[in-house]
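Q: Structure below; questions to follow.
The values are calculated or read from the model by the stated rules, or taken from the named source; none is laboratory data. Here the structure is a predicted model, which is why all the values come from computation and not from measurement. Cβ sites come from the backbone with ideal geometry, for glycine too, and all protein chains shown count toward neighbours. Areas reflect the complete protein model, heavy atoms only, side chains present, ligands, DNA and RNA absent. Shrake-Rupley method; radii C 1.70, N 1.55, O 1.52, S 1.80 Å.
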Amino acid sequence: MANKFYVTTPLYYVNASPHIGHSYTNIAADTLARFMRDRIGGENVWFLTGTDEHGQKIQKAAEEQGLAPGDFADKMVSQFVGLWKALDISYNDFIRTTEERHIACVQQVLQILYEQKDVYQDKYEGWYCTPCETFWIESQLTEGNCPDCKRKVERISETNYFFRLSKYQEWLIAHIKAHPEFIRPASRYNEVLSFLELNKLNDLCISRPKERLSWGIPLPFSPEHVTYVWFDALINYISAVGAFDESNRYKSRWWPADLHLIGKDILRQHAIYWPIMLAALKIEPPKTIFAHGWWMIGEAKMSKSRGNVVNPLDMVNEFGTDTYRYFLLRDVPFGMDGNFSEEAITKRFNADLANDLGNLVYRTLTMIEKYYQGSIPDKGEAKDAQAKKIEEKIKSLGGEVSACLAAQADFDFSAGIEKIWELINLANKYVEETKPWNLAKEGRSDELAAFIRLLVEVIREVARKLCAFMPKTAESITGQIGEKAIQKGQPLFPRRETS
Ligand code: ME8
């Protein structure tokens with residue numbers, strides 16, 4: 001088993017408030033980080049998130065609010081930090097690309113690549129999409145517009161610096177072929193590989209003239225230029241863990257990253273630019289890049305530019321943190337697109353949380369109150385077939401959940417949760433079949449005690465396994481079921497009216 005786990009999320013642009021899509025990646029990363037802390041020890045897990053603060057988009061958004069870009073970014077960062085707190089995101093480090101530790105690292109990378117001639121100066125003539133900050137050649141345009149965002153492009157001609165992507169294309173193809181786990185899920189692996197096999201990579205323009213864009217990291221060898229925002233931002237994954245610093249925290253400890261978690265919108269930058277940047281620096285590539293799907297509203301991707309975003313805090317206020325986390329992780333297999341709606345959350349809430357989990361905990365606590373005055377019975381062993389089945393399931397559950405959350409299974413959160421629910425459902429069925437009220441009436445006290453003890457074991461195991469997915473719920477269950485006695489609280493998930 002690996003002795004460390006370094007997981008990252010994208011660094012989100014601070015030009016607008018975070019929405020459900022951003023929260024999804026962080027909830028997934030948080031769940032894995034919590035899961036791995038439990039398995040290999042907290043000191044062996046490093047979970048990095050942060051914000052991407054340079055570039056045109058942010059400069060423009062700041063101007064619109066009449067603020068200096070740095071002040072604007074400070075203001076926006078607090079929204080991300082606040083949201084991560086509300087969602088119980090247990091990151092170990094939060095990096096901002098405007099921090100000195102990052103800027104120094106980016107400049108060092110640029111200097112190394114410039115000295116070894118992997119970065120060179122050239123004159124650029126072609127089309128430029130300002131909102132996407134991307135250069136396009138004539139043949140790439142769709143009806144004269146940007147092929148990504150379909151907006152108008154501008155003709156530009158300027159001196160810039162370029163990174164030799166093309167030189168490393170064959171290396172990247174070979175690396176991908178030799179490492180089927182490098183890009184996941186398989187559909188994304190195939191997408192990147194066939195793109196590389198069918199297209200010749202152009203070198204990447206990694207600078208912007210200062211007169212056009214001033215909000216960026218200056219090139220150490222050309223003060224007239226700032227660094228292209230993607231080239232700057234990707235470096236966070238090594239700058240945050242101290243690449244090139246004295247502390248040896250980096251090579252000996254965290255790098256290579258075990259997992260870069262991203263959305264499929266930024267696959268090209270992560271699976272092509274980034275490994276090539278690392279190869280040029282003679283740094284090992286990350287082990288796995290996993291691109292998940294999109295949350296959609298109807299037919300459209302939820303995005304700032306489309307203006308169809310849902311504020312995660314509204315959902316947390318309405319449904320609670322854990323219901324929100326549960327819904328996102330359970331409703332859609334990781335890697336696929338999903339449709340977001342409040343009706344869908346309510347449905348999951350009533351069926352899975354109120355009816356199954358909440359009911360199991362509440363009815364068990366109620367029985368302990370009623371039959372044992374709140375003390376958990378300490379003897380009795382259930383011997384019937386259903387009890388045996390439940391005991392087996394308690395034993396196998398840990399392994400089953402781990403298998404679902406493994407890289408080989410593409411971090412299948414939904415299937416992992418389903419395994420936990422198999423146990424919950426077995427236990428609920430056991431209550432219905434055993435009819436404990438009859439055992440009580442008939443004075444079969446040993447059987448009743450054994451039955452209750454098994455339910456308590458089930459609930460304890462469910463709480464342990466839910467920790468990574470729903471930390472508050474797990475804590476609340478553990479708080480209600482003590483070592484020897486219970487402390488019954490309000491029902492965990494009181495049923496919601498459907499409209
Ligand atoms: O791309 N569904 O930042 P960004 C699911 N700064 N996930 C979504 C989503 C949706 N509808 N919308 C956004 C950037 N995301 C760069 C990254 S990394 C060095 C630099 C999530 O603010 C998903 O993780 O546009 C996606 O990749 C990311 O937010 C894009 O965030």
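Q: Determine the distance separating the Cα centre of the range 418-446 from the Cα centre of the range 370-387; give it in Å without decimals.
A: Comparing the Cα centres of the range 418-446 and the range 370-387, I get a distance of 10 Å.
Q: Let me ask you something else. Explain nothing, just the number: dipole magnitude of the range 349-474 about its Cα centre with +1 on each Lys and Arg Cβ and -1 on each Asp and Glu Cβ, in debye rounded to the nearest 20.
A: 320 debye
Q: If R0 is 30 Å, what FRET efficiency do you get for SER305 and GLN140 from their C-beta distance, rounded to 0.05?
A: Numbers: r = 20 Å, r/R0 = 0.66.
For SER305 and GLN140, the calculated efficiency is 0.90.
Q: Report the full-extension gain for the segment LYS287 to THR478: residue separation times 0.36 nm, less the Cα-Cα distance, to one decimal in nm.
A: 65.2 nm
Q: With θ set to phi - 60°, apply the Karplus curve 6.51 cos²θ - 1.76 cosθ + 1.60 along the range 101-109 and write out the HN-Hα couplings as whole Hz, x wherever there is a Gly or Pro.
A: 4, 7, 4, 4, 5, 4, 5, 5, 4
Q: Which lysines have a Cα less than 23 Å from the Cα of LYS484, not counting those fewer than 8 places away in the same chain?
A: LYS484 reaches LYS370, LYS379, LYS383, LYS395, LYS465, LYS472.
Q: Can you compute the FRET efficiency between GLN373 and ASN317 using 1/(1 + (r/R0)^6), with r the Cβ-Cβ distance and R0 = 22 Å? Round to the nearest 0.05.
A: 0.05
Q: Sum up the charges of everything whose Cβ sits under 13 Å from the Cβ of VAL106, counting Lys and Arg as +1 and Asp and Glu as -1, but leave VAL106 out. All intermediate terms of the calculation are to be shown ahead of the outcome.
A: Details: positive: ARG96, ARG101; negative: ASP52, GLU53, GLU99, GLU100, ASP232.
Summing Lys/Arg as +1 and Asp/Glu as -1 gives -3.
Q: Need the full-extension length gain, GLU197 to ALA440, defined as separation in residues times 0.36 nm minus the C-alpha distance. One decimal, nm.
A: Contour length minus Cα-Cα distance gives 80.4 nm.
Q: Right, another one. Along the positive direction of the dipole of the chain (beta-carbon charges: Lys, Arg +1; Asp, Glu -1; about the Cα centre), which of ILE156, GLY358, PRO275 reaches farthest?
A: In the chain, that residue is GLY358.
Q: Right, here's the next one. Just the number, please: carbon plus sulfur as a percent of the accessible area of the range 342-480, 1.4 Å probe, no ligands or DNA/RNA counted.
A: 51 percent
Q: Please give the length that would be gained between LYS395 and GLN121 if that part of the chain were fully extended, namely 0.36 nm times their separation in residues minus their C-alpha to C-alpha distance (nm, one decimal).
A: 92.4 nm
Q: To continue, here is another question. Normalising by the residue count of the range 5-292, find the relative contact order in percent from Cα pairs under 8 Å and 6+ residues apart.
A: 22 percent
Q: Over 24 Å between Cα atoms: which of LYS200/LYS304; LYS85/LYS304; LYS57/LYS301; LYS200/LYS264; LYS167/LYS210 fall into that group?
A: Correct reply: LYS200/LYS304; LYS167/LYS210.
Q: Hey, if we sort CYS467, CYS105, CYS149 by accessible area with the 1.4 Å probe, largest down, what's the order?
A: So, going from the largest accessible area down, we get CYS467, CYS149, CYS105.
Q: Let me ask something additional. For the range 5-292, with equal point scatterers placed on the C-alpha atoms only and solvent neglected, what are the log10 I(q)/I(0) values from the Debye formula at q = 0.09, 0.12 1/Å, to two decimals?
A: -0.42, -0.79
Q: Sticking with this structure for a sec: Of LYS117, LYS395, LYS4, which has the most accessible area and how do the rest follow, probe 1.4 Å?
A: Working: LYS117 140, LYS395 160, LYS4 20 Å².
Order by accessible area, largest first: LYS395, LYS117, LYS4.
Q: Then there's this: Can you list the aspartates and glutamates whose alpha carbon sits under 17 Å from that of LYS177, skipping same-chain ones fewer than 8 residues off?
A: GLU191, GLU197, GLU284
Q: If you don't mind, another one. Can you give me the solvent accessible area of MET336 with a 1.4 Å probe, rounded to the nearest 10 Å²?
A: Rounded to the nearest 10, that gives 110 Å².
Q: Report relative contact order for the chain in percent, whole number only (criteria: Cα-Cα under 8 Å, sequence separation at least 6).
A: 15 percent
Q: Something else: Compute the FRET efficiency between GLU433 and ALA409 as 1/(1 + (r/R0)^6), taking r as their Cβ-Cβ distance and R0 = 35 Å, and round to the nearest 0.05.
A: 0.60
Q: Once you keep just the Cα pairs under 8 angstrom separated by 6 or more residues, what percentage relative contact order results for the range 13-99?
A: 46 percent
Q: Okay, next question. Note down the net charge around PRO69, summing +1 for each Lys or Arg and -1 for each Asp or Glu among other residues with Cβ under 15 Å from its Cβ.
A: Charge balance in the 15 Å sphere: -2.
Q: Name the aspartates and glutamates eligible as straight-distance cross-link partners of LYS419: C-alpha to C-alpha under 15 Å, and not fewer than 8 places from it in the same chain.
A: Cross-link targets: ASP331, ASP352, ASP356, GLU391, GLU392, GLU400, GLU461.
Q: Excluding LYS379 itself, calculate the net charge of residues whose Cβ lies under 9 Å from the Cβ of LYS379, where each Lys or Arg counts +1 and each Asp or Glu counts -1.
A: Around LYS379, the surrounding residues sum to -2.
Q: Can I ask one more? Accessible surface of GLU442 in the full protein assembly, 1.4 angstrom probe, to the nearest 10 Å²?
A: 110 Å²
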